[in-house]
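To start, the structure itself, in structure tokens.
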Amino acid sequence: MFSAVPTPQVTASVLKALELIKTKPEIRKKLWDNTSYLRKELTERGFDIGKSVNPIFPIMVRDNKKVYQIAKMLQERGIFTIAIVYLAVRTKEARLRASLYYSKRGVLPYYL
């Protein structure tokens, strides 16, 4: 297994994130509200989002070309989304990796 020591910047970011988790519970609540909302909306619209229950989850597309096109469109709209394709996953398991976060601007409609 490969391992590396985190940089000082990463360490500082993690420490700040832990501080915010402790002192600003409303941020965590908003993140989970956003997660629940998007999962519900995507499921109701027929998307396969797997069984993950955290703010980072797959949106199965199952087509390498389409997943790149969708990821590019979302990224152009400022939505951080990663295309995961074959060889990283099995053939016909191409997917987007949705990564939700707390934000004061509404980004959920871009997924929908």
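The values are calculated or read from the model by the stated rules, or taken from the named source; none is laboratory data. This structure is a prediction, so every number in the text was calculated from the model and none was measured. Every residue, glycine as well, gets a Cβ built from its backbone with ideal geometry; the counts of neighbours run over all protein chains shown.
Across segment 38-66, what is the number of residues that are over 15 Å from Ser99 (Cβ atoms) and not basic (Lys, Arg)? Final tally of qualifying residues: 10.
Table: residues versus (1) closer than 25 Å to Lys29 by Cα; (2) touching a Ser or Thr at 6+ places or on another chain (Cβ under 8 Å); (3) modelled with pLDDT of 85 or more; (4) surrounded by 16 or more Cβ atoms within 10 Å (Cβ to Cβ).
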position	(1), (2), (3), (4)
Ala71	no, yes, yes, yes
Leu74	yes, yes, yes, yes
Lys92	no, no, yes, no
Leu96	yes, yes, yes, yes
Leu100	yes, yes, no, yes
Lys104	yes, no, no, no
Leu112	yes, no, no, no
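Scanning segment 17-41 for residues that are more than 13 Å from the chain's Cα centre (by Cα) and either of a type outside the set (Lys, Arg) or under 27 Å from Tyr86 (Cα atoms) (or both) yields a count of 12.
The helices (runs of 4 or more DSSP H) found wholly in segment 1-95 and carrying at least 3 residues that are of a type in the set (Val, Ile, Thr) and without any contact (Cβ under 8 Å) to a residue 24 or more places away in the chain occupy 8-23.
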